[in-house]
1. In segment B:88-111, which residues give up 40 Å² or more of accessible area once the other protein chains are added, compared with their chain alone (1.4 Å probe)?
2. Run the quick spin-label model on B:SER15 and B:GLN84: label points 7 Å from Cα toward the beta carbon, then report their separation in nm to one decimal.
3. In Å, what Kirkwood hydrodynamic radius results for segment A:12-169 from the alpha-carbon pair distances?
4. Return the calculated 222 nm mean residue ellipticity for chain B, to the nearest 500 deg cm²/dmol, obtained by summing -39500 (n - 2.57) across DSSP H runs with n ≥ 4 and dividing by the residue count.
5. How many nm is it between the label spots at A:ILE68 and A:LEU26, if each spot is 7 Å from the Cα in line with the beta carbon?
6. In the protein assembly as shown, what percent of the accessible surface is made up of carbon and sulfur (1.4 Å probe, ligands and nucleic acids excluded)?
7. If the cut-off is 30 Å between C-alpha atoms, which lysines fall inside it for B:LYS171, apart from same-chain ones fewer than 8 positions away?
8. Of the beta bridges DSSP finds with both residues in the protein assembly as shown, what % are antiparallel, to the nearest 5?
Amino acid sequence: MILDSASLIPLVLTAKVLFYATLLQLFISVPIGCWLSCSRTVFSSFVDILVSLPLVFPPIATGFFLLIIFGRKSPLNVVFNDTIIFQLPGLVLAAFVAGIPLVVKPIQAAMNSSEANKLAELAAVLGKNKLTILFAVLLPLAKKTILAGLLLAVGRSLGEVGMSMMLGGNIIGRTNTISLEIYNAVFEGEFKRAAILSLLLAAFSSGLFIAFKKLSSTT
Amino acid sequence: MPVTITIKKKLPPYSLDLSLSFSAGELIAVLGPSGAGKSTLIRLIAGLDSPDEGTIQFGNTTWFSSRDKITTSPQQRKIGMVFQEYPLFPHLSVWNNIAFAAPDTSVIESLLSDFNIAHLAKQKPARISGGERQRVALCQALASQPELLLLDEPFSALDINNRQQIRRLLKRIVREQNIPVLHITHDLEEAFYLADRFFVMENGRESRTWLSRQLSAGRTTNSVYDYKSLSIQPLQQGKHLAV
């Protein structure tokens, strides 16, 4: 067998992380992108900066701050009761945060494009309210952009190491995603296993890239 | 419903500053050089932009008043508008583009038939020509059963045959529905054929001289130059500049 049972656990774990992180992107990042594209308040500017930070901020530092925010000594732990850090939700949080800007920013760009503005004005003149304009005009227009953003976020989450290490702890059999397991394999001198896992990651990422290119060419 | 407009808006390098009123069933051709502020004028009337000061009154309803701080949204103004680039919803078929504005299917069927585009009903906008898109945009504007029609060069992409046919059709519909129309055009022949009155703009203000300069210098499009006698004739038949 190419992969031993020790490698299957990270595979299944990574699949779970990607699944939950993508759901969060869909239900949190997409609405944030829509809201930021039409809001011009001080608060929305602050949120805009916040969601853009993972693009430029070192992942290990972002992970550290998230560890402080969600850690055992944080006031938020009263709510979460040690269910985030060093467990699956911590890894999902890391994957989610890493992918946020890759979903939000393209949506903002698509919904603020001159074509989107013209069509929103056309719909407004035809008597449609803002909610109808969003669901009947802007979201269908941005559909491919949203899908492309989600693909990019999945790709980014797949290779996430810094934040995952901080929030997940890289605990063998519990929070070691594929990316972390490659690091572990190399650290233990198991280069063959590291190579197989790396090839798996590369194949999956290439698939995502091809899907992204196909979407982009039809946008 | 009569429409009364008195508005000012800074529009560097000049200021838009004009007064205009027109009544139900009246078709006003808005003429003037590029950059005169014609498209801005209809955007302000549609509620897509706000004047700095002034009033826009539609019948007994105030759409905009800087003094009383009233601004009604475009949704509340019951306007049909054809934009300069005649945008259509790219993800919807021609039928659904018109249905987006129409109250029922009989209106859509009648418009598709009147504008000779029934065969395009299932096509997406990307698959039809510029002239056909423009006809769909006109159908869409009329489908909403507007109380005021704002047209920004609505026939610019039509060939000569379609242009004449659609002009006649528009004139008939406007007369039947008795709605006021503001029609921006650079085509003087079209303006003379369609309009009851001209409103000429230059540098954001009403101009008394631009049109006569164009006519006397023959500085118009070839088609207008060919029709020069025709274009002057309506002036003698009672059409007058809104000055």
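1. In segment B:88-111, residues shielded by partner chains: B:PHE89, B:PRO90, B:HIS91, B:PHE100.
2. 2.3
3. Values: mean 1/r = 0.0602 Å⁻¹.
Result for segment A:12-169 stands at 16.6 Å.
4. Numbers: 9 runs with 86 residues, N = 243.
Computed ellipticity for chain B at 222 nm equals -10000 deg cm²/dmol.
5. For the pair A:ILE68/A:LEU26, the computed spacing is 3.5 nm.
6. On the way: 13450 of 22250 Å².
Carbon with sulfur: 60 percent of the solvent-accessible area.
7. A:LYS118, A:LYS128, B:LYS38, B:LYS78, B:LYS122, B:LYS124, B:LYS228, B:LYS239
8. Numbers: 23 of 40 bridges.
Within the protein assembly as shown, antiparallel bridges account for around 60 percent of the total.
The values are calculated or read from the model by the stated rules, or taken from the named source; none is laboratory data. Values in this document were obtained by computation on a predicted structure and should not be read as measured data. Every residue, glycine as well, gets a Cβ built from its backbone with ideal geometry; the counts of neighbours run over all protein chains shown. Accessible surface is based on the protein model in full, side chains and every heavy atom, while ligands, DNA and RNA are left aside. Shrake-Rupley method; radii C 1.70, N 1.55, O 1.52, S 1.80 Å.
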